[in-house]
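The values are calculated or read from the model by the stated rules, or taken from the named source; none is laboratory data. Predicted model, so just to flag it, every value in this text is computed and none were measured. As a convention, Cβ positions derive from the backbone with ideal geometry for all residues, glycine included, and neighbour counts pool all protein chains shown. All accessible areas refer to the heavy atoms of the entire protein, side chains included, with ligands and DNA or RNA removed. Shrake-Rupley method; radii C 1.70, N 1.55, O 1.52, S 1.80 Å.
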Amino acid sequence: MTQVDERRIAELGHDLLARVRSAAPWPLTRAWVEDRGMAWTMRDERFKAQLFRFVDALPGLRDDAAVVRHLGEYLGPVAGALPAPARWLLGRQGWPTRPLVAGAARFAAHRLAHKFIAGESVAGAARALGRLRRRRLAFTIDLLGETVLSEVEADGYADQYRALIGGLSDATVGWRADDLLDQGARVNVSIKLSALTSRWDPAAPVATSRAVRERLRPILRLARTRGAFVNVDMEHHAYKELVLTVLRDVLDEAEFRAWPDVGVAIQAYLRSCGDDLDRLATWARARGTPLWVRLVKGAYWDYETVIAAQNGWPVPVWTDKRATDAAFEAHTRFLFANRDALRPAIAGHNVRSIAHALAVAEAHGVAPADYEFQMLYGMAEPLKDAVAALGRRVRVYAPFGRLLPGMAYLVRRLLENTSNTSFVRAGFLEGAPEEHLLMPPIAGPERLRHVGADFVNEPLTDFSRAEARDALQGAISALRPRLPLPVAPHFPGAVGRGPRVEIRNPSRLSEVVAQVRQADAGEATAAAASAARAFPAWRDTPVAERARLLETTADLLASERMRLCAIIALETGKGWREADADVAEAVDFCRYYAREAIAVLAPRTRDVPGERNEYRREPRGVAAVIAPWNFPLAILTGMSAAALAAGNTVVLKPAEQSPAIAWELSDAFRRAGIPAGVVAFLPGVGEVVGPALLAHPAVTTVAFTGSRDVGLAIGRDAWLAAPRVGHVIRVIAEMGGKNAIIVDDDADLDEAVQGVVASAFGYQGQKCSACSRAVVLDAVHDAFVARLLDAVRSLVIGEADDPATQVGPVIDAEARDRILARIADARGEATLAYAGDVGEWGKRGTYVAPHVFTAVPPESRLAQEEIFGPVLAVLRARDLDQALAIANGTRYALTGGLYSRSPATIQRVRRDFHVGNLYINRKITGALVDRQPFGGFKLSGVGAKAGGPDYLLQFLDARVITENTLRHGFTGDET
Ligand code: NAD
């Protein structure tokens, strides 16, 4: 590659900086005031964060009172940073200052928004673009939008794009020609592909690409006819592969193959950027038409590092800012060297990076028309003029649209301008020395975010990676020829004397997944006896050894993860991500309880002179583990791993519907080296084998997870059995829920609708943690419901093992009939606002489509009783008090959620919403071992938290042994 002369870069850089600095705004002009304002907010990071959070919440606030209240809540805690008069005003909530303060806040945010957003209409944007043109600046325009949650919204977005292309083509037709600026196309639009479908899913690239291209083609056709250019924007890392796939798919179509007016944004902060550019260059050459590449540094750095840390995924971005700068220069050189295939559009406001690109272009002798610079609207104005004055094309990325959805964009820009690694901050606002600004970037050490926990959860599989998708698809294909899987009781002496049953795939009833020989009552007794015989040796096995065996089990489950996912998907109708999370959680449970057991069983003594005191924890005996089908591996593993780690032996009784995956667990325990008899695997009907287990004198503990009625019955029978069996059977019962999410009147509806949909319809609502009630404050109720219904209408029903499916089948025909009966009943209690249709799927499997009821009375059966299916009740609340009363007003207390942007409301709800697991501003399902120990109270359970520090204690009894060592004059302390 051509060498670039550092001296030339420095020369060009100094020249640019001199031009920029001579154009510094005059004191007291609008630009000067804005710069001062920006510099002022940066003085205190906490103040800045609170201020920007307020700006983000502002458009959703309905009246002056709400604005003033939120202002106080956000800025109150950091008011020390404000001048005294502003502090004084902040404390006034009432008349006459209220309208004044609210008005001032709105005015300031509006001004700020106008700085970065080109207009609210096509006409307004055209005027702003005309002003840019007079400064000899080209443009690309981007449409700000809310997150697309439904197909209706995706249609609306596509329509707006076509209107934008048409409108701008008309508005700019009269502009005087300019060879440099008009090279290629005068009208240039930037588009986010993810907004062209509500079913954007990196795990389902084929279906997503098809759906996106449907809406993209008409846009591209119109652009081509009107001579406009289309640039595809890049968003989060998780979307990148899919964006590139869709782009290549559409541009490989015959009608677009030769069309040159297309580009894509590529982010230099991604470690994969070099490979992506390589692949793109190869592809563009094969296509035969070059592609423009807008090389940016990347705007989601914080998001990417946080998401990676949260999920335990490799960090996709360079963690040192200088590494990104260095990569940016390397990629710039690559683009210029490969400009036959990729046309360079160098985007950013870093003078050093721009000077470097200018020098590279010079070294290659590239004509100014064949590359360009891009900068953002409202940022680094003197730099735009300086580069334009050199006779280079500068294109301004100008967003337009309504200010409400624009706030997220605005806040991103504000953060970018004021971040302490930003060139804009150092170069334009703080006036750092020129040599410093122009130094060649040299990467420093990596800075990784720490999650701050000792226990590391098994990462969820990232299905945006092709290898991960291929692995699961491969596992499903490999499983099918092996079906049906044989399942039978397993313990020394087991035969399987009960009935033989078939387990069918609920997505496709023609497929038999497992053939089961069930146990009968006699065999249940034999299983308990076998576990009882194995107990003494297991109890006396050192806890470190038991822990090691559980760690080995975890390793086995982890290494066979995709095969286990495939079994779960086919046996219980769980989708890819849900099945994967099930296995990951099982792995976590084994590892977590293994290490907890070592801590909990550590000897504890309280000796005083002449007296030894020992506090000793001991396993209780045989634990009957009775599990549900909805987390067919995770819950079964959690309950049994805890019992085993503590030194109990176990009778493993899976749900009737999910014996095949349960068999895998039992087999993994065996292969890990847990001795025969310690785990007795007992597939069978609960009503048959359950009573036999409770009647066996060796069974001292029942770990049950399932429905309320069964749990309460087991509890009752356990107490009644006490006189016969000679001890009190301890029952750990995790039962149902009627979980509510409160949607506050200032909630971000993009997030609230997404969170409610995911919580209510994930795994068809068959999670104990699922949201079955949305309690929505009156002021946003109708807007929320409108978007919710569109979103629910857009969910794709299909087979669970198809990654494009969003709603699969319910577990079996009995569940389907029960849920449908409950829906029919509920029609008499509330308004059925949406009833989905399962269509053809209903003939193949056991499907129930999503249903949403509105105007639901809080006391109705619909609002009080668990349905355990894809049915959501929406309740209207006058205010927060009423919302809390409704949310708390059931006999369950498992999970709950809140969407709000008011710090005071969040505080209040933390205190007053009585549930076992409360989630704020996120979905209410998906608890992780150790991070979110899980379990409820009231009729949801006994309050023990699975995956938490107290859980193991339930499988242990404590004994205290006191020995007097003061005898015959010896203190006993000598020994
Ligand atoms: P279920 O109560 O029908 O069955 C659970 C288990 O109990 C099964 O293994 C079943 O065979 C067994 N069983 C049934 N009758 C029995 C009896 N008389 N004696 C002994 N065992 C008996 O529940 P399900 O349909 O499998 O699961 C759905 C329910 O589980 C929902 O209510 C859900 O909320 C609840 N759940 C709760 C949690 C939680 O952590 N709180 C987690 C998952 C599921």
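What the table below lists for this structure:
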item	result
Span from the region 792-819 Cα centroid across to the region 325-362 one, whole angstrom	49 Å
Mean separation of Cα contacts under 8 Å (6+ apart) over length of region 276-346, as relative contact order %	49 percent
Positive-end residue, the chain charge dipole about Cα centroid, Cβ charges, pick of LEU570, THR552, GLY60	GLY60
Net dipole in debye of region 151-279 [+1 Lys, Arg Cβ; -1 Asp, Glu Cβ; about Cα centre; nearest 20]	160 debye
ASP825/VAL796 FRET efficiency (R0 45 Å; Cβ-Cβ; nearest 0.05)	0.95
Percent RCO, i.e. relative contact order, over region 140-206, from Cα pairs under 8 Å lying at least 6 residues apart	58 percent
The chain: translational diffusion in µm²/s, Stokes-Einstein, Kirkwood Rh over Cα pairs, 37 °C, 0.692 mPa s	105 µm²/s
Charge dipole (debye, nearest 20) of the chain; +1 at Cβ of Lys and Arg, -1 at Cβ of Asp and Glu	1320 debye
Length-normalised contact order for region 827-888 - Cα pairs under 8 Å, 6+ apart - percent	29 percent
Farthest toward positive dipole pole in region 432-508 [+1 Lys/Arg, -1 Asp/Glu at C-beta], among LEU472, THR461, PRO499	PRO499
Gain upon complete extension [HIS436, ARG279; 0.36 nm per residue less C-alpha separation]	53.0 nm
Alpha-carbon centroids, region 249-318 and region 869-892: separation in whole Å	45 Å
Accessible carbon and sulfur surface of region 34-175 relative to its total accessible area, %, 1.4 Å	58 percent
Label-point separation in nm, ARG134 to ASP950, each point 7 Å along Cα→Cβ	7.0 nm
Added length on full extension, which subtracts the Cα-Cα distance from 0.36 nm per residue, ASP170 to LYS843	237.0 nm
Helix-only mean residue ellipticity at 222 nm for the chain, each DSSP H run of n ≥ 4 adding -39500 (n - 2.57), per residue, nearest 500	-15000 deg cm²/dmol
Positive-end extreme of charge dipole, the chain - chosen from LEU196, PHE373, VAL792 (charges on Cβ)	PHE373
Angle between the chain longest axis and helix 151-172 axis [Cα atoms, degrees, rounded to 10]	10 degrees
Rotationally averaged projected area of region 52-112 (alpha carbon convex hull; nm²)	3.9 nm²
At R0 = 51 Å, FRET efficiency that the Cβ-Cβ distance of ASN613 and SER707 yields, to 0.05	0.70
Residues in region 615-643 reached by a label modelled at THR965 [backbone nitrogen below 18 Å; 7 Å Cα→Cβ]	615-616
Bridge type composition, the chain - antiparallel percent by DSSP, nearest 5	30 percent
Region 748-872 - percent of accessible surface contributed by carbon and sulfur, probe 1.4 Å	49 percent
Length gained when the stretch ASN311-ALA330 is fully extended (0.36 nm per residue, less Cα-Cα span)	3.8 nm
1.4 Å probe accessible area per residue over the chain, in Å²	39 Å²
In degrees, nearest ten, helix 659-672 long axis to first principal axis of the chain (Cα)	80 degrees
Label-point gap, in nm, between SER477 and GLN183 - each point 7 angstrom along Cα→Cβ	4.7 nm
For region 895-931 versus region 16-64, the gap between their alpha-carbon centres in whole angstrom	33 Å
Region 893-975, accessible surface, carbon-and-sulfur percent (1.4 angstrom probe)	55 percent
Angle in degrees between helix 122-134 and the longest Cα principal axis of the chain, rounded to the nearest 10	50 degrees
Highest-first arrangement of 954-962, 353-361, 201-209, 815-823, where packing means the average Cβ count within 10 Å	353-361, 201-209, 815-823, 954-962
Förster radius 35 Å - calculated FRET efficiency between ARG908 and ARG221, Cβ distance, rounded to 0.05	0.10
Mean projected area in nm² (Cα convex hull; one quarter of hull surface) for region 26-158	11.1 nm²
Relative packing of peptides 724-733, 330-339 - highest average C-beta neighbours within 10 Å first	330-339, 724-733
Listed peptides 508-518, 170-180 by packing density, highest first (mean Cβ within 10 Å)	508-518, 170-180
